[in-house]
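Input: a single structure, listed below in structure tokens.
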Amino acid sequence: MQLYFSPELLKENAQVLNIVSDDHKPVGYLSILMEEEKKKIYVYGQLENEGAQEDFKDLVKPYLQGLTKLKPELDVYSYLSVGGAKLNIGEAEGEKED
């Protein structure tokens with residue numbers, strides 16, 4: 001299954017991205033909050049379909065790596081889950097998983 005981001009909210013310090021399938025069905029979300037004073041980026045994401053776990057990883061991991069390149073001074077804290085179970089996508093540079 002192909003997954004895509006569909007922006008819901010885009011601000012300088014916050015983003016909410018819906019995750020939709022190739023038939024435009026919503027299947028999850030990714031939310032990002034940047035706290036520059038605390039030098040942290042918080043990332044929370046949920047995907048409902050366990051069968052699309054690898055596609056979710058392939059979508060989210062490069063996005064998180066891009067955030068660390070844009071804001072290298074900020075640490076990334078993430079919690080991602082698929083079907084209610086925690087998902088480990090491997091640590092991107094500067095990323096910490098809670």
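Worth a mention:
- Output for region 17-32, where each listed residue is out of contact with any strand residue (DSSP E or B) (no Cβ under 6 Å at 6 or more places or on another chain) and in contact (Cβ under 8 Å) with a residue 24 or more places away in the chain: none
- The set of residues from region 43-54 being within 25 Å of E12 (Cβ to Cβ) and buried (at least 18 other Cβ atoms within 10 Å of the Cβ) comprises V43, G45, Q46.
- Candidates K69, K38, K57, K86 - the one that is part of a helix (DSSP H, G or I), basic (K, R) and loosely packed, with under 14 Cβ neighbours inside 10 Å: K69
- Region 26-35, subset closer than 14 Å to L3 by Cα and hydrophobic (A, V, I, L, M, F, W, C), residue surrounded by the fewest Cβ atoms within 10 Å (Cβ to Cβ): V27
- When region 1-51 is limited to residues that are within 14 Å of S78 (Cα to Cα) and of a type in the set (F, W, Y), the one that is nearest to the chain's Cα centre (by Cα) turns out to be Y44.
- For region 1-14, the set of residues classified as hydrophobic (A, V, I, L, M, F, W, C), surrounded by 12 or more Cβ atoms within 10 Å (Cβ to Cβ) and assigned to a strand (DSSP E or B) consists of L3, F5, A14, listed by residue number.
- Scanning region 24-34 for residues that are more than 14 Å from G45 (Cβ to Cβ) and part of a strand (DSSP E or B) returns a single hit, M34.
- In the condition set (1) touching a residue at least 24 places away in the same chain (Cβ under 8 Å); (2) over 11 Å from the mean Cα position of the chain (by Cα); (3) closer than 14 Å to L3 by Cα, K61 is compliant with all but (2).
- Test: residue in region 15-23 that is surrounded by fewer than 17 Cβ atoms within 10 Å (Cβ to Cβ), modelled with pLDDT under 95 and in a loop (DSSP other than H, G, I, E, B): yes
The values are calculated or read from the model by the stated rules, or taken from the named source; none is laboratory data. Everything quoted here is computed from the prediction, not taken from an experiment. Glycine gets a Cβ as well: all are built from the backbone with ideal geometry, and neighbour counts include every protein chain shown.
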